[in-house]
Amino acid sequence: MPTPRTASIAESLTHLEHGGCVAIPTETVYGLAARIDQPEGIAAIFRWKARPMFDPLIVHVATMEDARAVTREWPALAEALAKEFWPGPLTMVLPKHAKVLDAITSGLDTVGVRMPNHPVALELLRKAGAPLAAPSANRFGRTSPTTAQHVRDEFPEATANKKILVLDGGASDVGVESTVVSIQKNEITLLRPGGVTKDALATFLKSKPEFNSVRIVTGTESEKKQSPGHVLHHYQPNKPLVVSWRKPLRDLDRSEFLGLGAGEHADQPQPTIGELDLGLDPTQAARRLYSGLRDLDQNEAIQLIFIYRAPSAHAGLWTAIDDRLRRAAHRQLGQAPNPAQD
Ligand code: TXA
Ligand code: MG
């Protein structure tokens, strides 16, 4: 099969101007984007993804000025965090400006804003004339895409007939979604762990005397304020997924996952298992997680996916990885070292 051609920036701009959706590369995962001033495009995002209307979209910007323009309040803390972490995997939830459509924020009074760190996305955003709202470019509840081909696999018809254009910017560098934080006067509430770690946020606050007293709210306290879209079952492959924080597959008794994949009874054929060992380096693990999951999901010889996450290391980027693993797993063996996000 010939390699599908990537859309050009010019084609993408025209498509967006006419209320179309374009899949864009970012450093975290690919997004399915529409202009924030095109209600048709915004509605199309929800339709393609079969995304419930209660789950708000992130607004992507190329400049600080654009970020300020979509918010009603832009506190000094937001400015400082943006200067430190943008462009990059940090989404800040702030009071929204009236011009941001309710369909984008699911009727909330706040908007999530981020400046992605990807040259193709930034070029498109600079030229688009309006910020772009974009969730991850996967069907709701499924594994996020980290390559252009993943997006085509996710929406085969819409991408083949160019209802959705795909801008190919290579594999996403980070591999898991952005950190989502809501900003209050003296508090940062961690709504979703991601590419910017809690430690990085804490170190930054400590380095700035004016923000020394800012508290980072995590764990059960932040869970009460969870993001509407950060539901329990998410990022799921089509095949059953077992995640082990305890032992690799070779050291386990397979009866622990009887009934998953096949093999309800001992005399039935056992499922063929595909294993992904995430290794010990969290940067590599995050980068490999979604594409590894997709490869095993697409492999017809495999009926069950097994991910081994060695329990030795924790915190840092592992927090985001463990969060995704917990939500994607059909069965968990053992526990992530830091289940409460901190
Ligand atoms: O890395 C990312 O963030 C990627 C790339 C494409 O930028 N986007 C992404 O979007 O992961 P999505 O829609 O899959 O996840 C966005 C999360 C959802 O859990 C949503 O509930 C939350 O951000 N969110 C967006 N706006 C919010 C708001 N106003 N208040 C609370 N949570 C919000
Ligand atoms: Mg998503």
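The values are calculated or read from the model by the stated rules, or taken from the named source; none is laboratory data. All values derive from a computational prediction rather than experimental measurement. Reconstructed Cβ throughout: ideal geometry from the backbone, glycine too, with neighbour counts over all protein chains shown.
For the reader, a short list of remarks on this structure follows.
- Matching residues in the stretch 43-70 - criterion: being part of a loop (DSSP other than H, G, I, E, B) and closer than 15 Å to Phe140 by Cβ: Ala50, Arg51, Pro52, Met53, Phe54, Asp55, Pro56, Leu57
- Set Glu40, Glu73: member being free of Cβ contacts under 8 Å to residues at least 24 places away in the same chain and part of a loop (DSSP other than H, G, I, E, B): Glu73
- One residue alone among Pro95, Pro116 is assigned to a loop (DSSP other than H, G, I, E, B) and within 15 Å of ligand 1 (Cβ to nearest atom), and that residue is Pro116.
- Residue list for the stretch 297-342, restricted to those being surrounded by fewer than 21 Cβ atoms within 10 Å (Cβ to Cβ), part of a helix (DSSP H, G or I) and touching a strand residue (DSSP E or B) at 6+ places or on another chain (Cβ under 9 Å): Asp297, Arg326, Arg327
- Subset of the stretch 225-245 [within 16 Å of ligand 2 (Cβ to nearest atom), at pLDDT 70 or above and assigned to a loop (DSSP other than H, G, I, E, B)]: Leu232, His233, His234, Tyr235, Pro237
- Among the candidates Val151, Val113, Val181, Val174, residue that is surrounded by 22 or more Cβ atoms within 10 Å (Cβ to Cβ) and farther than 17 Å from Thr26 by Cβ: Val181
- Exactly one residue among Ala286, Ala315 is in contact with a helix residue (DSSP H, G or I) (Cβ under 7 Å, 6 or more places away or on another chain), at pLDDT 95 or above and closer than 20 Å to Asp199 by Cβ, and that residue is Ala286.
- If the condition is being among the hydroxyl-bearing types (Ser, Thr, Tyr) and part of a strand (DSSP E or B), then the stretch 98-113 contributes only Thr110.
- Among the residues here, Glu123 does not qualify as assigned to a helix (DSSP H, G or I), among the charged types (D, E, K, R) and free of Cβ contacts under 8 Å to residues at least 24 places away in the same chain.
Okay, residues lined up against (1) of a type outside the set (Phe, Trp, Tyr); (2) closer than 27 Å to Thr6 by Cβ; (3) near ligand 1 (Cβ under 10 Å from one of its atoms); (4) surrounded by 17 or more Cβ atoms within 10 Å (Cβ to Cβ):
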position	(1), (2), (3), (4)
Ala23	yes, yes, yes, yes
Leu32	yes, yes, yes, yes
Ala43	yes, yes, no, no
Arg51	yes, yes, yes, yes
Thr63	yes, yes, no, no
Arg68	yes, no, no, yes
Ala82	yes, no, no, yes
Val120	yes, yes, no, yes
Arg126	yes, yes, no, no
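- Set side by side, the residues Val181, Val196 differ, and just one is outside any strand (DSSP E or B), modelled with pLDDT of 95 or more and not hydroxyl-bearing (Ser, Thr, Tyr), which is Val196.
- Residues of the stretch 184-214 satisfying the condition of being surrounded by fewer than 15 Cβ atoms within 10 Å (Cβ to Cβ) and closer than 16 Å to Arg114 by Cα: none
- Taken over the stretch 155-178, residues that are more than 14 Å from ligand 1 (Cβ to nearest atom), part of a loop (DSSP other than H, G, I, E, B) and in contact with a Gly (Cβ under 8 Å, 6 or more places away or on another chain) amount to 1.
- Restricting the stretch 128-139 to residues that are in a loop (DSSP other than H, G, I, E, B) and modelled with pLDDT of 95 or more leaves a set whose member that is surrounded by the most Cβ atoms within 10 Å (Cβ to Cβ) is Ala137.
- Qualifying positions in the stretch 246-258 - modelled with pLDDT under 90, of a type outside the set (Phe, Trp, Tyr) and surrounded by 13 or more Cβ atoms within 10 Å (Cβ to Cβ): Arg254, Glu256, Leu258
- Selected residue (only one of Ser106, Ser136 is of a type in the set (Ser, Thr, Tyr) and in contact with a strand residue (DSSP E or B) (Cβ under 9 Å, 6 or more places away or on another chain)): Ser136
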